[in-house]
Amino acid sequence: MHGASFDIAHLLAGALVLVSFMLLYQDRLYALLNVFALHAVVLAASVAWQAYVQDAPHLYVTVAIALVLKAGIIPIALHNMVRRMGIHREIETVGGIGATMLAGMGLVALSMMVMLRVTAGADPLAREDLAFALAVILLGLLIMVTRRNAVSQIVGFMSLENGLILAAAGANGMPLVVEISIAFSVLIALIVIGVFLFRIRERFDTVDVHALDRFRGERL
Amino acid sequence: MTASPLLALAPPPLAGSLLAIAALLALGPLAVLTFRSRLSSGLIYILAFVASVTILVAGATHLWRSDSVESLTLALGLPSLGAHFRLDALSAAFLVIVDLGAAGACIFAIGYGRHETARGRVLPFFPLFLAAMNVVVLAADAFSFLMGWEFMSLASWALVMTHHRESENARAGYIYIVMASLGTLALLFCFGLLAGSGGGYDFAAMRAHSPAPVAAASVLLMALIGAGSKAGLAPLHAWLPLAHPAAPSHVSALMSGVMTKVAVYGFIRIAFDLIGAPLWWWGLIVLLVGGLSAVLGVLFAMIQTDLKRVLAYSTIENIGFVFVGLGLALAFEANGLTAAAALAFTAAIFHAFNHSLFKSALFLGSGAVLEATGAREMDKLGGLIHRMPATALAFLMGSVAISAVPPFNGFASEWLTLQAILLSPQLHEWPLKILVPGVGAMLALAAALAAACFVRAYGVTFLGRPRSTDAADAKETDFFSLSAMLSLAVACLIVGVLPGLVMDAFAPAAQLAVGAHMPAQIHDRWLSIVPVAESRSSYNGLLVFAFALASMAATVLAIHWFASRSLRRTPAWDCGFPNPNSITQYGAGSMAQPVRRVFADFVFRAREQVDMPAPGAFEAARFRVDVRDRLWDALYAPIAGLVAFVSDKLNYLQFLTIRRYLSLVFASLIALLLALALWP
């Protein structure tokens, strides 16, 4: 691994983490979906660079899937849903944005500490990549935990999945089958959740998951 | 040994056994399809009998010809592993033990099964149970072993639950399945440790590398918990006296006589074959647990009033004997005394074999009694010797054998175990030198109490006057049941008269387990067995048998010769009160009373309470005995309470919101990552 290619891989993976942070504080749904599309584009760029550096042409399939599915179809579909449900209003987060950002930074630090310790002696490119990927995954989980709106929880889930793809692309020689099956599972998750969303709204006139909790008679 | 031409023609034993196992597996679905037909019961049992005999012949052939090890790998099970099977001397010995008992149970069931009301719950599981036990004995990788083991547990559980509407059976089944899962879990850990980080789940790989001392000790403890709980070692025996009697009687015979031996096999396979060289204190643990089981088992057997439960508790005692032998073998082997280790090991495996014979015979006998009278409570039986003479004879032979009375087989193996204990001064470690004779004393106590226990069981059940109309109207059982019981009982006698034959057959197994075998016994003049040296001790079953026969014949002749001429009929002596009511006889409770009183506070926490009616009142006086199992109170009740408490508290987790679940997952992930990051 030469200095330049290493730096570029590093840069792209770091950019993905940065976009994850952007996802973390977006409090409007449209903006959130746009940033998610950006997330997918950055992922595609990062995986494409890995494909080029590792000379692994099958990774270009991953790139195509990421671009078409995650930067195109899914954000557009979610846009449509949001418009049809008429919920392009502000979304609330649990805890303040400042606290959430601080927690996110803590997670990134944690993933660095873990990965750099555990993978000592591994290929440096894979190492950095894995650390960033873990950070993206944790940030995705954080998004899911801090949001109440079902749409933004989906976005959190999808960004988590992007982190998985980044990790897999960094490891040399992941079979294509795995990649395709992940892509399909995400697509199916989208369909299921989409149906689910409409059903929730039909019944409760909102996609705030609070409504579900209230329906179950839970204290919050 | 020379192979006869007939044996040379037989198919390779391992392949033949596996085919027979496959046939048994196929019988399960066949039984599901046909159980409604009247003929189905007999057909299934006959086919199962044929399969068992096939495997029996295969195992015996292997032992007899002293064949080399046979292995076979089938493309079943885990894709990367396959299913490994292996037939060596140890497996062959246990194949013989398993399938001899199985064949007996099958014949018995041809007759007994006709009266089964819930055929559909017995017939499908019975052949599966047999197949699973054979798979365990033949398996040569952890996956197949555990599959067979778990299959064995589940099939026998289903059989225990045959009459599940009786609340006692449902409780027995519940406790059984919990304990069986615990045992399997322990074995899973055990194999995990044996496989090491490399993950060699094949027994050959485990044999090739021996674990570090700490890991090896954990493996032994796990094997003791896993196999010991199945075999019924105290303090993990709680399920056994509940579950074994709950099943139909031929299944009880299998569970007590055979399944416990499969557990013994599991322990031997792990502790003697897979771990590598033992340490001396392993033997000490096994010895103490075995001695404790022997004494506790027989004490509880002594005070039970349910005939099948007496037999189940006595199984615990006999398993204790077997494990004492195994513990001694471990201790001797660790000390490099291989000849002594071979003696102890042979004694253990011989006792396992004998127990499978007489315990099967006894359980089948209790089944015949149950079928004839509908009663298991001894206080409802009595006088059956006149109504069921052949059953009474078989039960008597079994009782004499289990009480270790020469010339029956129980004596030979218990004598061998005690001979091995007498070699303990050769051990180097002081704790062993001091404690082994103590364990020997416990065994002696257990053997004596076992005799008392079976005098009581036989006397109350078969002698005296009937205590209920059902017992008075009992009829002798059918031909198949009788032939099964009598052949097992006769086998007890033959093995007892010619113990050297069986000990020689088990010699290759001892060679495999402890690296030495006892000197060949059968070539000795007059068929004596000489465990160590002739100057030290020897036993000749044939001589004892001949002497017993001769003295009995002489006594009978003498009585008839001298006394018959002066024969006169008078009223029988009536113990001072001429009350013909059967309740005035000695009953099960009254015969247990001396032992119960002696061990009242120490073991049983027995409380006797007499409620005398007030003077002038007409109600009967009441005598009540309250017996508690200390182990249950001290070990099981707190665990059950803890589990109930924790699950009650954790129940709250069932009703969280989606986001809280996510937060929980997230928090635990973070906690794990933090642990990973901060671990020194």
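The values are calculated or read from the model by the stated rules, or taken from the named source; none is laboratory data. Everything numeric in this text was worked out from a predicted model, so none of it was measured. Please note: Cβ atoms are built from the backbone with ideal geometry, for glycine as well, and neighbour counts cover all protein chains shown. Surface areas here come from the heavy atoms of the whole protein model, side chains and all, with no ligands, DNA or RNA. Shrake-Rupley method; radii C 1.70, N 1.55, O 1.52, S 1.80 Å.
Couple of notes before you dig in:
- Take B:Phe151: with every protein chain present and a 1.4 Å probe, its accessible area is about 90 Å².
- Chain B: relative contact order in percent, alpha carbon pairs under 8 Å with at least 6 residues between: 12 percent
- For q = 0.14, 0.24, 0.28 Å⁻¹, Debye-computed log10 I/I(0) when each Cα of region B:228-282 counts as one equal scatterer: -0.45, -0.91, -1.07
- The alpha-carbon positions of the protein assembly as shown define a convex hull whose volume is 246 Å³ per residue.
- For region B:79-126, the alpha carbon positions stretch 44, 29, 9 Å along the principal axes, listed from largest to smallest.
- One Cα centroid belongs to region B:98-161, the other to region B:231-258; the line between them spans 13 Å.
- Three semi-axes of the equivalent ellipsoid, region B:172-240, Cα gyration tensor, whole Å, largest first: 26, 12, 8
- Once all protein chains are placed together, B:Lys433 keeps about 60 Å² accessible to a 1.4 angstrom probe.
- Counting only heavy atoms of the protein chains and using a 1.4 Å probe, B:Glu166 has close to 100 Å² of accessible surface.
- Over region B:204-256: Rg over Rh, Cα atoms, Kirkwood Rh: 1.20
- Net charge, B:Ala93 excluded, C-beta distance under 15 Å - Lys, Arg +1, Asp, Glu -1: -2
- Peptide B:657-666 has a mean shielding of 6, counted as Cβ atoms of other protein chains within 10 Å of each residue's Cβ.
- Legend: distances between Cα atoms for B:Lys261/B:Lys308; B:Lys230/B:Lys649; B:Lys308/B:Lys475; B:Lys230/B:Lys308; pairs beyond 23 Å are B:Lys230/B:Lys649.
- With viscosity 1.306 mPa s and temperature 10 °C, the Kirkwood radius over alpha carbon pairs of chain B converts through Stokes-Einstein to a diffusion coefficient of 60 µm²/s.
- Look at the stretch B:55-61: the mean tally of other chain Cβ atoms within 10 Å of its residues' Cβ atoms is 0.
- Mean sequence separation of contacting Cα pairs (under 8 Å, at least six apart), scaled by the length of region A:101-163, corresponds to a relative contact order of 31 percent.
- Note on surface exposure: B:Ile225, B:Ile303, A:Ile165 rank B:Ile225, B:Ile303, A:Ile165 by accessible area, highest first, 1.4 Å probe.
- For region B:277-557, the square roots of the Cα gyration tensor eigenvalues, ordered a ≥ b ≥ c, give a/c of at least 1.5 with a/b greater than b/c, which places it in the prolate category.
- Amide hydrogen neighbours beyond the local backbone of B:Asp141, cut-off 5 Å, H modeled: B:His84, B:Phe203
- Prolate/oblate/rounded call for region B:423-559, Cα gyration tensor, a/c under 1.5 rounded: prolate
- Sorted largest first by accessible area at a 1.4 angstrom probe radius, with every protein chain in place, the residues B:Trp281, A:Trp49 fall in the order B:Trp281, A:Trp49.
- Residue-count net charge about B:Ala140 - beta-carbon cut-off 11 Å; Lys, Arg +1, Asp, Glu -1: -2
- Rg/Rh, computed from the Cα trace of region B:630-678 with Rh as the Kirkwood radius, has the value 1.25.
- For region A:1-90, the square roots of the Cα gyration tensor eigenvalues, ordered a ≥ b ≥ c, give a/c of at least 1.5 with a/b no greater than b/c, which places it in the oblate category.
- Charge context of B:Arg467, other residues only, Cβ under 15 angstrom, K/R +1, D/E -1: 0
- Probe 1.4 Å, all protein chains present, accessible-area order of B:Ile319, A:Ile76, B:Ile46, largest first: A:Ile76, B:Ile46, B:Ile319
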